[in-house]
1. Among residues belonging to segment 52-88 that are surrounded by fewer than 17 Cβ atoms within 10 Å (Cβ to Cβ) and among the hydroxyl-bearing types (S, T, Y), point out the one that is nearest to R115 (Cα to Cα).
2. Output the number of the condition that G149 fails; it satisfies all remaining conditions of (1) open to solvent by 40 Å² or more (accessible area, probe 1.4 Å); (2) away from the ligand (no atom under 15 Å from the Cβ).
3. Could you run through segment 21-49 and say how many residues are among the aliphatic types (A, V, I, L, M) and open to solvent by less than 10 Å² (accessible area, probe 1.4 Å)?
4. Of everything in segment 84-128 that's assigned to a strand (DSSP E or B) and within 7 Å of the ligand (Cβ to nearest atom), which residue is nearest to V43 (Cα to Cα)?
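The values are calculated or read from the model by the stated rules, or taken from the named source; none is laboratory data. Computed from a prediction, not measured in an experiment: that's the story for all the values here. Methodologically, a virtual Cβ is constructed for each residue, glycine included, from the backbone with ideal geometry; neighbour enumeration extends over all protein chains shown. When the accessible area is computed, the model is the full protein with side chains, heavy atoms only, and any ligands, DNA or RNA have been set aside. Shrake-Rupley method; radii C 1.70, N 1.55, O 1.52, S 1.80 Å.
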Amino acid sequence: MIRPPFLITALDAAHDRSRFDCGTPALDRYLREQVSQDIRRRVAACFVAITDELRIAGYYTLATASVPLVDLPDPLRRKLPLNASVPAIRMGRLAVDGAFKGQGLGGALLANALRRAIASDIPAAVLIVDAKDDTAAAFYRHYGFLQLGEASREEGGLRLFLPLATVKRL
Ligand SMILES: CC(C)(COP(=O)(O)OP(=O)(O)OC[C@H]1O[C@@H](n2cnc3c(N)ncnc32)[C@H](O)[C@@H]1OP(=O)(O)O)[C@@H](O)C(=O)NCCC(=O)NCCS
């Protein structure tokens, strides 16, 4: 269970990113150096879990995306319109600071992202994630994510998805 006190909110200038260390330098660097520019350019939104001292304990990003219909498994494909692609929301990054791992925060951030995806006035059929390695993919599979596209694995990619209609029913 997630240990309080954490607040999950949109990233703003008052939040302390300087100490964030999730063990993956590229994800730390992105939060420190790149994300504000992506937000300004409207190519991503960033949400953070903060402590009562405004320290960032974890973050994720969301952006709109689309996935080729053929990459979805048959049973789901049959429920969707016959367009070449379907609208999606992409969780581009998800990371928890080492000091806060294993306390349920990663799961809470994922649940928060799903809640936002479902609550949006602009609908998307699936939430997709690009897992950076097998360990990250195992985290997403733990929550029922499925592989997107037959070729994804052979191409070295670990793209996974969750149908949002199912999540909404749950
Ligand atoms: C992956 C990551 C976000 C998980 O965060 P966390 O806060 O440690 O995870 P939680 O404590 O919320 O774990 C929630 C559940 O997922 C499970 N879990 C965590 N990591 C897992 C993994 N790699 N494989 C399978 N299950 C995993 C936990 O056992 C827990 O299960 P439970 O709820 O049934 O008890 C974190 O380890 C991290 O930031 N890693 C580095 C960056 C990264 O790999 N990001 C992934 C996207 S590329």
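1. T64
2. (1)
3. Total satisfying the criteria: 4.
4. Restricting to residues being assigned to a strand (DSSP E or B) and within 7 Å of the ligand (Cβ to nearest atom), the top hit is R93.
For (1) exposed (fewer than 15 other Cβ atoms within 10 Å of the Cβ); (2) among the small types (G, A, S); (3) under 19 Å from L7 (Cα atoms); (4) at pLDDT 95 or above, each residue gets a yes or a no:
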residue: R90; (1), (2), (3), (4): no, no, no, yes
residue: R93; (1), (2), (3), (4): no, no, yes, yes
residue: G98; (1), (2), (3), (4): yes, yes, yes, yes
residue: K101; (1), (2), (3), (4): no, no, yes, yes
residue: G107; (1), (2), (3), (4): no, yes, yes, yes
residue: L114; (1), (2), (3), (4): no, no, yes, yes
residue: V126; (1), (2), (3), (4): no, no, no, yes
residue: D130; (1), (2), (3), (4): no, no, no, no
residue: D134; (1), (2), (3), (4): yes, no, no, no
